[in-house]
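Every number in this text was worked out from the coordinates using simple rules, so none of it is lab data. This is a predicted model, so every value here is computed, not measured. Note that each Cβ is placed from the backbone with ideal geometry, even for glycine, and that neighbours are counted across all protein chains shown.
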Amino acid sequence: MIPYGRQDISEDDVRAVTRVLRSDFLTQGPEIEAFESELAAYAGAPHAVAVNSATSALHMACAALGVGPGDKVWTSPNSFTASANCARYCGADVDFVDIGPDLNISVAALRGKLVSARAAGTLPKVVIPVDFAGRSCEMADIRALADEYGFSIVEDASHAVGGTYQGQRVGGHGLSDITVFSFHPVKIITSGEGGMALTHSAELAERMQRFRTHGITRDPSRMTHEPDGPWYYQQVELGFNYRLTDIHAALGRNQLRRIDELVRRRHEIRGVYDHGLGGCGMVLPLPDTTGRSALHLYPVRIPAGLAGGRDKVFARLRQAGLGVNVHYIPIHTQPYYRQLGFKPGDFPEAEAYYSEAVSLPMYAAMTQQQIDTVVKACLAAVASIP
Ligand SMILES: *Cc1c(COP(=O)(O)O)cnc(C)c1O
């Protein structure tokens, strides 16, 4: 089976992890800060806070921005459920903004919803745009709306580390208040499990660091009274243990050294797919326009009239040994969100996309033979008589 995504681990990655296993610190050691400062420098942001997943990072970002009961957080329905769950962890209400042709949150739909929300007194505190498949959202437009309507931006860039927007790296352009990356093995670089939040705000970084470790501070200037002694710390709020280990950080750090090569390889694969599948009836991903996609996914659409439709084509691709997948089941149609009052039909563009979507295998470690197998299997699957 050729999976839709998988990690690319080098011998040097293995050595980096082994080195930590033989060192003094398996956690709370030097690898974490090194990973943070190297990724911050790579992206072009002054602050980075590493945690054990992007899900934790999204929760931490919402908490640092003061999201709580009674607040509203909006995100894209075309995402993994973690993009919405983070607001629920904080007790806030979630709503969604439908997607545009680039499969990201539609700026026009966002503007329209903000106009209505202002009239109704229900403006969001935070909006979480998701850089679907590695393609940056229209961040300049979303920033302009944030300034006009007074919300903060947490960019869920779980798919987009290594990508750019208008010539600057995702995470570094400063249009988002906080940018979140994931290092799950199917993403661009991996630490096993892991995530990181980047920000240009020293205050937000400080709040996130505290939240990551139980709400504890060791900084006397943040305590309610003079320290009792050199051992002293204070828990000043309720936090979590969201720490990444040094073992994971060492892997992520070593992978970061190859990130541009890993993204370049994904673009090579995209080139083969675009060329090999052009004209076959599948609707291929849009070309990059506002920046360079990190190409986490290569999602195609199978129009209803093509070779029996998506479900049939999907089954044939699986039959041919491709671990194709579907990204995403619209979040608002999940039973948990239906219980909260959402229903099918609420966000028709995301639902229409879901009904036609297939993610083809896309990862840097693919061999030339695997890439050719994917193209041949796709051509055969759409040529079949239903
Ligand atoms: C993978 C992913 C997450 C969650 O990442 P984890 O590191 O697995 O917690 C969140 N949002 C999106 C869009 C993702 O693809």
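Observations on the model:
- Dipole magnitude (debye, nearest 20) for segment 1-49, charges at Cβ of Lys, Arg, Asp, Glu: 140
- Secondary-structure-derived ellipticity at 222 nm for the chain, considering helices only, amounts to -12000 deg cm²/dmol, per-run term -39500 (n - 2.57) for DSSP H runs with n ≥ 4.
- Note on segment 14-67 and segment 223-258: Cα centroid distance 9 Å, given to the nearest whole angstrom.
- For the chain, with +1 on Lys and Arg beta carbons and -1 on Asp and Glu, the positive-most of Ala365, Val180, Val97 along the dipole: Ala365
- Between the residues Gly5, Val17, Val67, the greatest Cα displacement towards the positive end of the dipole of segment 1-76, with unit charges on the Cβ of Lys, Arg, Asp and Glu, is found for Val67.
- 0 to 90° range, to nearest 10: angle between helix 139-149 axis and the chain longest Cα axis: 50
- Cα point-scatterer Debye curve for the chain, base-10 log of I(q)/I(0) at q = 0.06, 0.07, 0.11 Å⁻¹: -0.24, -0.33, -0.79
- Distant-in-sequence amide contacts of Leu360, defined by a placed amide H-H separation under 5 Å and a gap of 5 or more residues or a different chain, comprise Tyr298, Val300.
- Computed across segment 58-184, the Kirkwood hydrodynamic radius from all distinct Cα-Cα pairs reaches 14.3 Å.
- Hz values of 3J(HN,Hα) by residue in segment 356-364 - Karplus curve (6.51, -1.76, 1.60), Gly and Pro given as x: 10, 7, 9, 9, 7, x, 8, 7, 4
- Long-range tail of P(r) for segment 123-177 (Cα pairs > 19 Å, %): 20
- Angle in degrees between helix 30-43 and the longest Cα principal axis of the chain, rounded to the nearest 10: 60
- Between segment 296-326 and segment 337-371, the C-alpha centres lie 11 angstrom from each other.
- Size of charge dipole - segment 197-312 - debye, nearest 20, with Cβ of Lys, Arg +1 and Asp, Glu -1, no other charges: 520
- Cα-based reach from Lys343 at 27 Å (exclusive), listing lysines while leaving out same-chain residues under 8 positions away: Lys72, Lys113, Lys125, Lys312
- Kirkwood-Stokes translational diffusion coefficient of segment 292-375, alpha-carbon pairs, 37 °C, 0.692 mPa s, µm²/s: 227
- Taking the chain and dividing mean pair separation by its residue count, relative contact order in percent (alpha carbons under 8 Å, at least six apart): 23
- Globularity ratio of segment 127-265, using Cα Rg and 2.2 N^0.38 Å: 1.22
- Stokes-Einstein D (µm²/s) once Rh is taken as the Kirkwood radius of segment 277-321 over alpha-carbon pairs, at 4 °C in 1.567 mPa s: 107
- Net charge dipole size for the chain [Lys, Arg +1 and Asp, Glu -1 on Cβ; Debye, nearest 20]: 900
- Within a Gaussian network of the chain (alpha carbon springs, distance under 10 Å), most fluctuating of Asp98, Asp24, Asp372: Asp24
- Look at the dipole of segment 113-270 built from charges on Cβ: of Tyr242, Gly229, Ala160, the Cα furthest out on the positive end belongs to Ala160.
- Table column - 3J(HN,Hα) (Hz), segment 9-22, Karplus curve with 6.51, -1.76, 1.60, x for Gly and Pro: 10, 9, 4, 5, 4, 4, 4, 4, 6, 4, 4, 5, 4, 8
- Euclidean distance of C-alpha centroids, segment 123-171 and segment 175-198, integer Å: 14
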